[in-house]
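Each remark here refers to the structure printed beneath this line.
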Amino acid sequence: YVPIDYPSNYYERKVPYWYLKFPAEPIGSDGWSGFWPDPLLPPEPFDLKANTTQPVWIEVTVPEGVSAGDYTGQIKIYNGDTVMKQLPWEVHVWNFTLPEMNSFGALYDYRSVHRTPESEKELVRKDISGNDLRNMYLSFMAKHRISSGEINPVPKVKYTDGLVTIDFKEYDKAAEFYFDGLKNPFAYLPTSIFYPFGWAFPPSEKFGEKPYPGEDPYEEADRSKLRPEYKKAYQLVLKTFWDHLKEKGWAGRYILYLSDEPHEADNNNAKSNDIRIQMKALCDMIHEVDREIPVYVSTWWYRPEWEGYIDIWGLGFNGEGDYGHYVTAEDMQQITRSGGRIWYTTDGNFCTETPYLALERLLPWFGYKYGAEAYEFWGVNWLTYNPYKYGWHSYIFESQAPGEESWKRYPNGDGFIIYPGKPIGEDGLIGSIRLKQVREGAEDYEYLSMLGNLIKKADPSNPALTATRQALQQALDI
């Protein structure tokens, strides 16, 4: 169990750094203060004190090729060497196997830098290289049907006098491990190279070129007109990278993450208008390289004027966007009718103290029902404290727009669903109840997808077809 001092929300203080910072706004979670179960400790003997209750999580792995049928066993509870109680249990193995590669993507950013007093290696293991540590995380994630989206190490790009040089050797090895070894369905084009802007900021400099004349934040610039030198550099590097991915046969699994939560809410706000305009200019810049490069933006809600510019819309899955905007079924239908694709964006929703953890389990079901291909979440291992001692985050200094700064405390458990093993004496990684629910949801999608595909391929005269269609519809009508 981990302690929670105050129910989750985004808590913000605009005060000097030396002020005591504490939550003062309304709570945003249906949880409460107290101890909450989350990390799942490794299986090993433990002593149970008198008059206490200790839940145990039992996980069953069924290897491929195991015969279908019922398998039975016993759970034995000892007092010393004496068996006090035996509990029978049964596992039913079905006569089909889930695919190795997910049909639905669940992307959780791997955060290579923790914000804890301890370094990442000290929280996990001191005797491990950065690449090995990352691969350990990626392998652990793949076992739970999630991926990072990012492939590392990112190749170094040299752009000089209109010439592009990229050494793909190590990147290709990592991509082969990511796609072929771990069977991950999607990846981002390296965000450290191609991600232009987030929130209310102008585009960042790329390859030594500024996006607009003048100085950041380019308040006098026409946001619809990127500097020709900026466009040339970005497009040449992107084309070089994209051509390489096409040659390797990987291009169809990549997306270009253009912007995270672009602040565009008030039509009468000049800064919001800047964001709307620069979004179109950046999308055009990318599509001029190749219209097949899919542009992804976590917009949270549908914005008609960006139709045809954004290829993959990151929508708020629970209906609510921001600033009074909501996502409707009609919005999603309009996106798909116009040739767009749908992902879900999910920041701040996977809190430690959320009872029943329904969102983790339901997201893929939402995806199958409404035609979304994936969802993305901003962190799998982002820590600001030792998570076993403090189940909440520290306040971090943050800016979401030029000239706007504040201290912000993120929701409890936000940004991580995997625990480091070092603080409890383990060399490896520690899963969580939230992580297991994420995998359950991913497997739910595969059940629905397999059943749907069987229906599509079935002989119309098959007597089981009607009942099968009814079963699938019943699952979707819950």
Mind listing the long-range amide H neighbours of Gly421? Cut-off is under 5 Å, sequence gap 5 or more, other chains count too, H placed in the peptide plane at 1.01 Å from N. Ile430
Kindly provide the pair-distance distribution of the chain built from C-alpha pairs, with 10 Å bins from 0 and whole-percent values in order of increasing distance. 3, 17, 27, 28, 17, 6, 2, 0, 0
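Carbon and sulfur atoms: what percent of the 1.4 Å accessible area of segment 135-198 do they account for? Could you put the intermediate results ahead of the total?
Details: 1400 of 2710 Å².
Answer for segment 135-198 is 51 percent, counting heavy atoms of protein chains only.
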Using label points projected 7 Å from each Cα along Cα→Cβ, tell me how many nm separate Phe96 and Leu454, to one decimal. 0.4 nm
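Are there any trypsin sites (Lys or Arg not before Pro) in segment 349-439 that are in a DSSP loop and have at most 12 other Cβ atoms within 10 Å? List them by number. Walk me through the intermediate numbers first.
On the way: sites: Arg361, Lys369, Lys389, Lys408, Arg409, Arg434, Lys436, Arg439; in loops: Lys389.
Passing both the DSSP loop test and the Cβ count: Lys389.
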Which whole-Hz couplings ³J(HN,Hα) result when phi for each residue of segment 231-245 is put into the Karplus expression 6.51 cos²θ - 1.76 cosθ + 1.60, θ = phi - 60°, listed in order with x for Gly and Pro? 4, 4, 5, 4, 5, 5, 5, 4, 4, 4, 5, 5, 4, 5, 5
Which lysines, if any, have their Cα less than 18 Å from the Cα of Lys369, not counting same-chain residues under 8 positions apart? Lys456
Restricting the calculation to Cα positions, tell me the Rg (one decimal) and the Dmax (whole number) of segment 139-185 in Å. 13.7, 46
If each of Leu163 and Arg227 carries a label point 7 Å out from its Cα toward its Cβ, how far apart are those two points in nm? 2.2 nm
What Kirkwood radius, in Å to one decimal, follows from the Cα pairs of segment 340-478? 17.9 Å
Straight distance only, please: which lysines reach the Cα of Lys239 with their own Cα at less than 20 Å, same-chain residues fewer than 8 apart left out? Lys156, Lys158, Lys169, Lys206, Lys210, Lys231, Lys248, Lys280
Let me see the pair-distance distribution of segment 314-411: every alpha carbon pair, 10 Å bin width, integer percents in order. 12, 36, 32, 18, 2
Using the Kirkwood formula over every pair of different C-alpha atoms, what hydrodynamic radius in Å results for segment 132-213? 14.7 Å
Ranked order, Glu261, Glu64, Glu288 - accessible area, probe 1.4 Å, largest first: Glu64, Glu288, Glu261
So how far apart, in nm, are the two label points at Lys173 and Ser67 if each is 7 Å from Cα heading toward Cβ? 4.4 nm
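Could you tell me what percent of the accessible area of segment 271-395 is made up of carbon and sulfur, with a 1.4 Å probe and every protein chain present? The partial results should precede the final answer.
Values: 2200 of 4520 Å².
Result for segment 271-395: 49 percent of the exposed heavy-atom area is carbon or sulfur.
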On a straight-distance basis, which lysines could pair with Lys49 in a cross-link, Cα separation under 22 angstrom, same-chain partners fewer than 8 positions away excluded? Lys76, Lys85, Lys389
How large are Rg and Dmax for segment 241-384 when only the alpha carbon atoms are used, in Å? 16.1, 47
Given 0.36 nm per residue, what is the gain on full extension from Gln235 to Ile128 after removing their alpha carbon distance, in nm? 34.8 nm
If we restrict to alpha carbons, what Rg and Dmax does segment 403-478 come to, in Å? 21.7, 67
Ignoring everything except DSSP H segments at least 4 long, calculate the 222 nm mean residue ellipticity for the chain; use -39,500 (n - 2.57) per segment, divide by total residues, nearest 500. -8500 deg cm²/dmol
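The values are calculated or read from the model by the stated rules, or taken from the named source; none is laboratory data. On a predicted model such as this, the values are computed, not experimentally measured, just so you know. As a convention, Cβ positions derive from the backbone with ideal geometry for all residues, glycine included, and neighbour counts pool all protein chains shown. Just the protein is used for accessible areas: all its heavy atoms, side chains included, with ligands, DNA and RNA removed. Shrake-Rupley method; radii C 1.70, N 1.55, O 1.52, S 1.80 Å.
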